[in-house]
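Enquirer: What follows is a structure written as structure tokens; I'll ask about it next.
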Amino acid sequence: MKETSGIPQIGIALGTLGVVLALLGLFPDITGAPTAAGFGVVQFVAVIVGYMLLIVGAIIYIKYTFYVARPSTLAQQIGLRLAWTGIVFSSIAGFADFLGFGSHIVGVAPAVYLGPIQSLGIIGGFLISSLGVLVYAVAGNPTRLP
């Protein structure tokens, strides 16, 4: 068995950090800090960065556990692009109001909030990212252990 010098453990650590950060973004009351009504920009940034770290950690873990010293197949590269596309899609859907193409534009609407359509876009992007990680995991040619 090849020695990978702890790189899969880095993937696990990044994934765990991502889960913790996403949970703190979704449920800021856990920390005991006072929170305002609604879902703010800082909370959404924490959720997106946390989910991105989770996806990166999963990809690193899969690559350095099952596909050590193997080039990526075309299907795996498609899976990587799906994962990144889902994260970008979630980010754009969540920041639609702040980027100026949502239904409650900053400065025009009295309050900016995360609506149901934006929430569906975010969840859809997360599902696309998860599908990309699954494609990356199953589409490769794993190394055979001696």
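Where a number appears in this text, it was derived from the coordinates with a stated rule and is not lab data. Everything numeric here is computed off the predicted structure, so don't read it as measured data. All Cβ positions, even for glycine, are placed from backbone atoms using ideal geometry, and neighbour counts span all protein chains on display.
Enquirer: Over the chain, what is the relative contact order in whole percent, taking alpha-carbon pairs under 8 Å and six or more residues apart? Let's see the in-between values first.
Expert: Numbers: 196 pairs, mean separation 42.9, N = 146.
Normalised by residue count, the contact order of the chain is 29 percent.
Enquirer: Could you tell me the center-to-center distance, by alpha carbons, between the range 116-140 and the range 85-106 in angstrom?
Expert: Their Cα centres are 17 Å away from one another.
Enquirer: Related question: What is the fewest-to-most order of ILE122, ILE78, ILE128 by other Cβ atoms lying within 10 Å of their Cβ?
Expert: The order, fewest Cβ neighbours first, is ILE78, ILE128, ILE122.
Enquirer: Based on DSSP H runs of at least 4 residues, each adding -39500 (n - 2.57), what is the mean residue ellipticity at 222 nm of the chain after dividing by all its residues, to the nearest 500 deg cm²/dmol? Could the numbers behind the result be given before it?
Expert: Values: 5 runs with 94 residues, N = 146.
Here the helix-only value at 222 nm equals -22000 deg cm²/dmol.
Enquirer: At 0.36 nm per residue, minus the direct Cα-Cα distance, what do ILE10 and LEU23 gain on full extension? Give it in nm, one decimal, please. The partial results should precede the final answer.
Expert: Numbers: separation 13, 0.36 × 13 = 4.68 nm, distance 1.99 nm.
Result for the pair: 2.7 nm of gain on full extension.
Enquirer: Let me ask something else. Using Cα springs under 10 Å in a Gaussian network model of the chain, which residue among GLY132, GLY86, GLY38 shows the largest mean-square fluctuation?
Expert: Ranking GLY132, GLY86, GLY38 by mean-square fluctuation puts GLY38 first.
Enquirer: Taking amide H positions as placed 1.01 Å from N in the peptide plane, with prolines and chain starts having none, which residues 5 or more places from LEU114, or on another chain, fall under 5 Å of its amide H?
Expert: Answer set, sorted by chain and number: PHE39.
Enquirer: Okay, next question. Going by C-beta contacts inside 10 Å, put SER130, SER119, SER90, SER5 in order with the fewest on the left. Walk me through the numbers on the way to the answer.
Expert: Details: SER130 17, SER119 13, SER90 25, SER5 9.
Sorted ascending by nearby Cβ count, the order is SER5, SER119, SER130, SER90.
Enquirer: Which of the listed residues, PHE98, GLN118, TYR67, is farthest toward the dipole's positive end in the chain, when Lys, Arg count +1 and Asp, Glu count -1 at the beta-carbon?
Expert: Going by the charge dipole, the pick is TYR67.
Enquirer: What is the fewest-to-most order of ASP29, ASP97 by other Cβ atoms lying within 10 Å of their Cβ?
Expert: Working: ASP29 9, ASP97 21.
In order of increasing Cβ crowding within 10 Å: ASP29, ASP97.
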